[in-house]
Each structure stands twice: as C-alpha cells, then as structure tokens.
Amino acid sequence: MAHNGFRVLDSDIHIIEPPDLWERYIDAPFKHQAPRGFAEYVLDLRLEIQGKRLPDGVAYQGRARGRGAERDRERFRTFHERGWSAEVQLEAMDAEGIDVGVVYPTRGLYAQAIDGTEPKFAAAVARAYNDWLYDFCAIDPTRLRGAGMISPFDVDDAVAETRRAVRDLGFRAIFLRPNAVNGRNWHDPYYEPLWSELEALEVPLGFHEAVGPLLPEVGERFGRNVMLRHIVCHPGEQMLAAVSFCGGGILERHPRLRVAFLEGNASWAPFLLWRMDEHYEWLGDIFARDLSMKPSEYFKRQCFVSVECDEDPVTAVHDLIGVGNVVFSTDFPHPDCKYPGAVARFLELPLPDSAKRAILWDNCARYYGLAE
C-alpha cells in the first residue's frame with residue numbers, strides 16, 4: 001500500500017485494550033489484583049489498578065465535556081461497538097493509508113503508573129499485557145508490530161521481560177513512560193542492566209507519556225485543567241528523559257542503543273539540543289566528565305522524535321538540524337488524532353519529498369530495525 005507514492009510506517013499507533021485484558025491474561029496468583037478497564041462509554045480510557053482509577057484527576061473518558069469529546073464519541077462509535085478488534089485496527093490502517101504500525105497501548109500506559117508499585121505485581125501486569133498483545137497482532141504480524149511493556153519497579157524483572165518479549169514474542173520495541181519512578185533518574189546506575197540488554201538484543205526503547213499518572217509529571221500543578229496539563233506533560237517529560245540519556249551518559253556508555261521520544265512532538269528538539277550543548281560547554285568539565293561528545297551528537301546518533309501530522313514547526317527542525325531523527329505518528333485512535341486524514345495532512349506540510357519519505361518510512365524503519 002502506498003499513499004500518493006509514499007509508504008507509511010506509523011511509529012506509534014494505539015489500540016484500545018479490552019476492559020478484561022488483565023483478568024483474562026494475568027498469572028493466577030495475581031488474578032484477585034488484576035487491573036480492570038471500563039467500556040461504559042466510547043473512548044472510556046480509564047483503568048482501575050490497586051484501588052485507584054487512572055488517569056488521575058482527569059475527566060478523560062466517555063463522559064468528558066466539550067465539542068471535541070462529542071466529536072470523538074461520534075467519530076469512534078462504530079469502533080467501540082465492534083470492540084476495537086484487530087480487524088477494526090487493520091481497517092482503520094487501510095482507511096488512513098498506513099502500511100505498518102508499531103502498536104502501543106492506551107489503558108496500558110497507566111499499568112505501570114503508580115509510584116511504589118509492588119515489583120512482582122508490576123511484572124505480572126507487564127507479562128499479561130504482552131501475552132495479549134501477541135495474540136492481538138497475530139492476525140497480521142507483518143503489519144501489526146508489538147512494542148512490549150516492562151516494569152520499571154525492578155530492573156531484573158525489566159531485563160527478563162525484555163528478553164522474553166523480543167525472543168519469544170517477536171516484539172520490535174520496548175516501551176516505558178518517561179516519568180521518574182521511585183525517585184530515580186534514567187541515568188542512575190540502577191538501570192544499566194536494562195540498557196545493556198536492549199543494546200545486546202538490538203531492540204529500541206520508546207518513551208511514551210500519558211496525562212494523569214500517579215507518578216511525578218510535568219504539569220501536575222495545573223490540577224484538573226486538562227488543557228494546561230496536556231500542553232506541557234508530553235513534551236516536558238520527553239525533554240527531561242532526553243536530557244538524562246544525552247547528558248547523563250547513558251548513550252556514551254551504550255553507543256548502539258536506540259531511543260525514541262514519542263507523542264511529544266519534534267519541534268522542541270533544536271532548542272533542547274542547543275541548550276544542552278551550551279551547558280556542556282559551560283559546565284561539562286565539572287558535571288559531565290564522562291561524555292566524549294556534545295549531547296546533541298549523541299541525540300543525532302541514537303535518538304528519534306515523532307512528529308504529528310499538522311506540526312507545522314517541523315519545517316524549522318528541517319532547516320536547523322535536519323529530519324534524520326524524525327519519525328511519523330498518527331496517534332490513532334486517541335482524542336487528539338486526526339484520523340482518517342493524518343497522512344494526507346502531513347503530506348501538505350511544506351517539506352521536500354525526500355524529507356517526507358524519510359519521516360514516513362525510512363527513519364522509522366531504521367529506528368525499529370525493520371528491513372527496507
């Protein structure tokens with residue numbers, strides 16, 4: 001399938017998991033604790049876990065008010081009525097013109113989002129999601145590629161599930177939320193075994209934010225004002241993670257590790273790279289002695305950011321640093337996606353065809369290690 005002559009690889013397409021996923025798939029000792037979703041309304045994205053309902057403090061589900069929420073209820077009503085099945089997913093990809101999509105969760109973005117979660121329970125939650133995702137993608141594993149969930153609450157569990165997800169389930173990526181867990185920065189030595197395992201398996205890491213976790217989050221000062229929180233939490237958390245990887249020495253120690261900062265836009269990249277380099281020049285001899293390159297050079301060598309279809313400022317990214325680190329995402333079927341016109345809208349951006357081709361396919365294929 002080609003959209004106006006362009007192949008399309010969606011770096012970050014979502015599914016709406018069934019409400020009873022964990023009740024059906026979680027290991028027997030944890031069934032009484034199984035997270036539970038809701039499907040009372042169209043785009044009811046809530047997850048109840050450990051007696052808490054997420055997203056926290058956000059009316060981000062089927063009863064949300066406003067013209068956007070009403071539009072979304074009508075736009076996705078038939079998807080909801082058909083249970084968001086794998087068949088529905090492929091039909092939506094056909095309508096949008098997507099050849100291949102790497103699948104990320106919706107409710108599952110909150111499954112590891114409570115600080116201090118008991119590690120063995122968190123690991124069981126990740127295993128259950130991955131087993132379900134394997135079954136979901138089995139309808140067409142060449143077009144639906146899974147990104148595996150791991151628990152950040154115990155690094156040994158994370159390493160073991162990474163290995164299983166890649167070797168046994170055939171997933172093309174591993175994902176984490178970018179928020180700090182248990183007070184640790186990502187460049188804390190605690191996580192070194194995980195970065196080493198990802199590098200050894202030659203599988204990339206994708207960071208993905210979602211508003212309203214019970215973890216530290218940029219924008220939480222705005223409370224229940226979802227507009228203000230959502231403006232800042234996605235790019236803000238991704239920028240913090242990028243600083244940790246590029247300035248904190250992770251990519252110096254792991255030169256073959258590939259990392260993407262997804263659904264947080266791409267247009268912040270030139271500014272952040274400039275600011276990291278400026279501070280490295282100023283203070284690097286004291287605080288970044290282990291770096292052998294400027295932070296921006298690690299980013300350009302190993303990192304990726306995703307652009308949204310109507311992100312007009314990406315033209316500045318093209319002019320300032322190039323688009324070799326930019327991948328495309330539709331964000332289907334989340335409320336802010338532009339389905340079914342995301343690819344068409346992207347092709348309207350004033351970028352040369354060579355840049356569009358790189359963003360829509362080549363860069364993403366390189367990030368995920370997919371054959372051309």
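The values are calculated or read from the model by the stated rules, or taken from the named source; none is laboratory data. Keep in mind the model is a prediction, meaning the values are calculated, not measured. Using ideal geometry, Cβ is built from the backbone for each residue, glycine included, and neighbour counts are taken over all protein chains shown. Note: areas computed on protein heavy atoms with side chains; ligands, DNA, RNA excluded. Shrake-Rupley method; radii C 1.70, N 1.55, O 1.52, S 1.80 Å.
If only residues of the stretch 312-335 that are acidic (D, E) and either out of contact with any Leu (no Cβ under 8 Å at 6 or more places or on another chain) or within 15 Å of F271 (Cα to Cα) (or both) are counted, the one that is least open to solvent (accessible area, probe 1.4 Å) is D331.
Just so you know, in the stretch 1-15 the residues that are of a type in the set (A, V, I, L, M, F, W, C) and out of contact with any strand residue (DSSP E or B) (no Cβ under 9 Å at 6 or more places or on another chain) include one that is most open to solvent (accessible area, probe 1.4 Å), and it is M1. Do we find that R256 is within 21 Å of the chain's Cα centre (by Cα), over 26 Å from V211 (Cα atoms), basic (K, R) and surrounded by fewer than 20 Cβ atoms within 10 Å (Cβ to Cβ) in this structure? Criteria met by R256.
When the test is whether a residue is of a type in the set (V, I, T), in contact (Cβ under 8 Å) with a residue 40 or more places away in the chain and closer than 16 Å to L205 by Cβ, V226 does not pass it.
For the stretch 72-88, a residue qualifies if it is closer than 16 Å to G37 by Cα and either β-branched (V, I, T) or touching a residue at least 24 places away in the same chain (Cβ under 8 Å) (or both), and the qualifying residues are H80, G83, W84. Number of residues in the stretch 176-209 that are in a loop (DSSP other than H, G, I, E, B) and either among the aromatic types (F, W, Y) or at negative phi (or both): the value is 11.
Every condition in (1) assigned to a helix (DSSP H, G or I); (2) in contact with a Gly (Cβ under 7 Å, 6 or more places away or on another chain); (3) modelled with pLDDT under 95; (4) not polar (S, T, N, Q) is met by R224 except one, and the failing one is (1). Considering every residue within the stretch 98-114, establish whether at least one is open to solvent by 30 Å² or more (accessible area, probe 1.4 Å), part of a helix (DSSP H, G or I), touching a residue at least 24 places away in the same chain (Cβ under 8 Å) and at negative phi. No - not one qualifying residue is present in the stretch 98-114.
Taken together, the criteria place G369 among residues that are on the phi > 0 side of the Ramachandran plot and in contact (Cβ under 8 Å) with a residue 60 or more places away in the chain. Please determine whether any residue of the stretch 290-299 is at pLDDT 95 or above and under 19 Å from the mean Cα position of the chain (by Cα). Checking the stretch 290-299: at least one residue is at pLDDT 95 or above and under 19 Å from the mean Cα position of the chain (by Cα). Contact map, the stretch 334-346: first residue under 13 Å from H234 (Cβ atoms), second residue assigned to a loop (DSSP other than H, G, I, E, B) and open to solvent by less than 10 Å² (accessible area, probe 1.4 Å), Cβ cut-off under 8 Å, separation 6 or more or different chains; pairs are H334/T106. Checked against (1) touching a Leu at 6+ places or on another chain (Cβ under 9 Å); (2) not β-branched (V, I, T); (3) not in a helix (DSSP H, G or I), F136 passes all but a single condition, namely (3).
With respect to Y25, determine if the residue is open to solvent by 30 Å² or more (accessible area, probe 1.4 Å), within 23 Å of the chain's Cα centre (by Cα), of a type outside the set (K, R) and modelled with pLDDT of 85 or more.
yes
If you go through the stretch 290-311 and keep only what is open to solvent by less than 20 Å² (accessible area, probe 1.4 Å) and in a loop (DSSP other than H, G, I, E, B), you end up with L291, C309, E311.
So which residues in the stretch 259-275 are among the hydrophobic types (A, V, I, L, M, F, W, C) and open to solvent by 20 Å² or more (accessible area, probe 1.4 Å), if there are any at all?
First, the residues of the stretch 259-275 that are among the hydrophobic types (A, V, I, L, M, F, W, C): 259-262, 266, 268-269, 271-274.
Within the stretch 259-275, W268, F271, W274 qualify.
Of all the numbered requirements in (1) of a type outside the set (A, V, I, L, M); (2) open to solvent by 50 Å² or more (accessible area, probe 1.4 Å); (3) modelled with pLDDT of 95 or more, P35 misses one, and that requirement is (2). If I filter the stretch 151-210 down to residues being of a type in the set (D, E, K, R) and more than 23 Å from G369 (Cβ to Cβ), which single residue comes out as least open to solvent (accessible area, probe 1.4 Å)? Here the residue is E209.
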